[in-house]
Amino acid sequence: MFLKTRIPPEIARKFLNFRKQGQFVLPQLGTTIYLKQSGVVRLSVPNHGVGEIVESFLQNLSQPVEVGSQFQGIITRVLPFGAFAMITPTQEGLLHISEFAGCKPGDEVSDFVKVGDIVPVRIIEIDRMGRINLSGKLDE
């Protein structure tokens with residue numbers, strides 16, 4: 001099914017890098033995002049529920065990617081030491097196991113998330129190489 005929405009044109013241009021249009025695939029959700037410089041967004045989604053999730057994810061685009069910013073991240077990979085969460089279609093960050101809310105010694109990442117989960121995250125660090133570290137502890 002296809003859904004249509006809009007985002008601010010200046011945000012769309014930022015992610016398109018001066019191309020007229022672009023396509024971003026979110027395989028975890030079975031979704032493709034078609035984005036135009038004008039801000040028109042078409043979503044190819046498997047069902048309406050996923051469409052609503054992706055529309056809320058698109059709201060991340062208008063937020064600055066800086067320390068302290070909060071996002072709805074989509075878990076893209078789960079590893080023994082943490083999980084990677086996509087916060088915009090072009091950026092993802094590491095959510096270390098110690099940064100999961102409620103984490104105790106001996107817990108495993110898979111106790112908290114699986115690929116495709118949408119989780120609230122906060123940027124706690126962007127290192128000099130541009131790598132983003134995330135936290136699931138939003139109240140600290």
Across 10 Å bins beginning at 0, the whole-percent shares of Cα-Cα pair distances in region 70-135 come to 24, 58, 18, 1
How large is log10 I(q)/I(0) at q = 0.20, 0.21 Å⁻¹ when the Debye formula is applied to the Cα atoms of the chain, each weighted equally and without solvent?
-1.19, -1.27
At q = 0.15, 0.16, 0.24, 0.25 Å⁻¹, what base-10 log of I(q)/I(0) does the Debye formula yield for region 23-92 when every alpha carbon is treated as an equal point scatterer in vacuo?
-0.51, -0.58, -1.18, -1.25
What is the count of Lys pairs in the chain whose alpha carbons sit under 26 Å apart, if the two are 8 or more places apart or on different chains?
8
If I take R0 = 35 Å and measure r between the Cβ atoms of Phe81 and Gln37 in this structure, what FRET efficiency does the formula 1/(1 + (r/R0)^6) give, to the nearest 0.05?
0.35
Ignoring everything except DSSP H segments at least 4 long, calculate the 222 nm mean residue ellipticity for the chain; use -39,500 (n - 2.57) per segment, divide by total residues, nearest 500.
-4000 deg cm²/dmol
Output needed: percent of Cα pairs per 10 Å distance bin for region 2-62, bins running from 0 to the one holding the longest distance.
24, 58, 18, 0
Along the Cα→Cβ direction, 7 angstrom out, place labels at Arg6 and Ser62. What is the inter-label distance in nm?
1.1 nm
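Before anything else, pin down the relative contact order of region 2-62: Cα pairs under 8 Å, at least 6 apart, normalised by residue count, whole percent.
RCO, region 2-62: 38 percent.
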How tilted is helix 48-58 with respect to the longest principal axis of the chain? Cα atoms for both, answer in degrees (0 to 90, nearest 10).
80 degrees
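Every number here is computed from the coordinates shown, using simple stated rules; none is lab data. From a predicted model like this one, the values you see are computed outputs, not experimental measurements. Here Cβ is always computed from backbone atoms with ideal geometry, including for glycine, and neighbour counts include all displayed protein chains.
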